[in-house]
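Colleague: Mind having a look at this structure? Questions to follow.
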Amino acid sequence: MTKVSDVCLSSCGATVVLATSSDEHYPPENILDGKLETFWTTTGTFPQEFIISFNGSARINKLTVQSYLVRNLKIEKSISKDPISFEKCAEKERRESLNCWILLQRKIYLENSEGQLQTEEFMLSGCQATHLRFIIESSYDHFVSIHRVMADGAMDSMSPTA
Amino acid sequence: MVKLTAKFILAGDATVGKSTLAQLFRSDGAHFQKNYAMTVGVDIIMKTVHIPETSDSVELLIYDSSGKEIFYEIMEKLWEQPSVLCLVYDVSNEQSFNSCAKWLQRVRARTLCSHLPGVLVGNKTDLVGRRTVEQKQAQEWAAQNDLEYFETSAKEMENFEVPFRSLAKSFHHLYQEKVETIHSVV
Ligand SMILES: Nc1nc2c(ncn2[C@@H]2O[C@H](COP(=O)(O)OP(=O)(O)OP(=O)(O)O)[C@@H](O)[C@H]2O)c(=O)[nH]1
Ligand SMILES: [Mg+2]
């Protein structure tokens with residue numbers, strides 16, 4: 001295991017593999033560039049979502065999401081290898097063995113904070129993930145922005161889960 | 001270039017011409033529904049509107065809703081988190097104008113957003129001799145309630161696109177404003 005740092009950076013190999021909205025001026029890559037000033041905007045109706053894939057398997061202690069006007073955010077994780085089969089496997093695995101997939105499924109009502117960015121922290125105590133899915137279910141305005149997602153943790157190799 | 005998506009609520013009393021206007025807009029004026037077919041619950045109609053002088057567009061998801069009270073419980077759930085509102089009444093039917101306050105309040109109750117762009121549409125202006133709601137009266141009420149006002153005749157194909165295009169433009173404007181606000185926050 002390498003040393004603990006922010007593994008949710010494009011410079012660490014993290015990528016956004018899916019985003020339901022995209023304005024070319026505010027692309028989802030802005031979430032992973034380590035900068036607060038750049039952001040991804042949603043461009044329409046809710047729910048909206050994006051999926052972050054790590055370069056391998058990560059152990060995450062804490063997630064920090066910096067956003068604007070998000071009301072209800074749900075986070076899911078996956079330990080599957082392939083981000084393309086994310087949903088299909090999730091449905092399948094969910095039926096077969098709950099502890100393999102969707103170990104983390106949270107529904108968080110975020111505080112409305114007009115005029116300032118929201119910083120929300122989620123303690124995950126070393127949970128393992130290859131992909132994280134963020135679902136914005138509702139908002140305080142027609143459009144919201146996500147500025148940064150940070151994951152305090154470390155990258156593993158693709159170790160088999162017992 | 002950005003493509004926005006707006007949840008467009010089309011509401012008002014039964015038979016005022018909501019579905020007729022929506023179908024006419026969808027078909028670019030090719031389809032006028034002469035015989036009344038009651039909308040059951042909500043019909044969703046998709047149409048993309050280009051925003052003039054930009055390379056942007058707004059995809060309207062038009063929630064053509066029934067004016068009948070029996071469907072209200074279902075509609076209320078489907079209306080959750082609306083983007084824009086188009087209220088329609090029939091200029092020859094005073095009751096349908098009086099109901100607008102009720103429809104407006106019902107849709108506004110489904111959003112947490114500080115501003116919901118909306119228009120009021122007086123339809124069936126071709127029924128000149130049977131008109132009971134004066135333009136001035138409707139215009140005043142619309143202004144008091146922060147709605148833009150338009151008159152249409154779906155039958156004569158007059159103005160039918162204007163409410164849709166106007167709301168698409170308002171929504172696009174709102175997006176640009178919001179992006180400015182976000183820049184000022186960080
Ligand atoms: N004269 C005239 N008739 C119209 C006009 N627009 C619609 N109609 C007629 O009004 C009747 C009702 O129209 P609809 O569009 O079905 O009404 P609606 O508001 O969708 O009604 P619900 O679905 O029951 O809520 C139809 O017979 C239409 O042909 C118009 O501009 N002028
Ligand atoms: Mg109808």
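The values are calculated or read from the model by the stated rules, or taken from the named source; none is laboratory data. It should be emphasised that the depicted structure is a prediction, and the values quoted were computed from it without experimental measurement. Neighbour counts run over all protein chains shown; Cβ positions are idealised from the backbone, glycine included. Surface accessibility is based on the protein's heavy atoms, side chains included, excluding ligands, DNA and RNA. Shrake-Rupley method; radii C 1.70, N 1.55, O 1.52, S 1.80 Å.
Colleague: Suppose accessible area is computed on protein heavy atoms with a 1.4 Å probe; arrange B:C100, A:C127 from highest to lowest.
Modeller: A:C127, B:C100
Colleague: Name the residue, out of B:K68, B:K155, B:K136, whose mean-square fluctuation peaks in a Gaussian network model built on chain B with Cα pairs under 10 Å.
Modeller: Residue with maximal mean-square fluctuation among B:K68, B:K155, B:K136: B:K136.
Colleague: Which entries of B:K102/B:K136; B:K77/B:K102; B:K3/B:K178; A:K35/A:K77; B:K34/B:K77; B:K18/B:K124 show an alpha-carbon separation above 22 angstrom in the structure shown?
Modeller: Checking Cα-Cα distances, A:K35/A:K77; B:K34/B:K77 exceed 22 Å.
Colleague: Under 19 Å Cα to Cα from A:K81, which lysines show up? Leave out anything in the same chain fewer than 8 places away.
Modeller: Cross-link targets: A:K92.
Colleague: Okay, next question. How big a patch of accessible area, both sides summed and in Å² to the nearest 100, lies buried between A and B at a 1.4 Å probe?
Modeller: By this definition, chains A and B bury close to 2100 Å².
Colleague: Once phi is turned into θ = phi - 60°, what whole-Hz ³J(HN,Hα) does the Karplus curve with 6.51, -1.76 and 1.60 give for every residue of the range B:161-169, x standing for Gly and Pro?
Modeller: Each residue's phi maps through the Karplus curve to give 7, 4, x, 5, 5, 5, 5, 4, 5 Hz.
Colleague: Calculate the mean, over all residues of peptide B:168-181, of how many other protein chain Cβ atoms lie within 10 angstrom of the residue's Cβ.
Modeller: Rounded to a whole number, the mean comes out at 3.
Colleague: When you look at the Cβ of every residue in B:59-66, what mean number of other chain Cβ atoms sits within 10 Å?
Modeller: Neighbouring Cβ atoms belonging to other protein chains average 1 per residue here.
Colleague: Peptide A:42-50: average number of partner chain Cβ atoms within 10 Å per residue?
Modeller: 5
Colleague: Same structure, new question: Cβ neighbours within 10 Å, averaged per peptide: list B:26-38, A:10-22, A:69-81 in order, most packed at the top.
Modeller: Highest mean packing first, the order is A:69-81, A:10-22, B:26-38.
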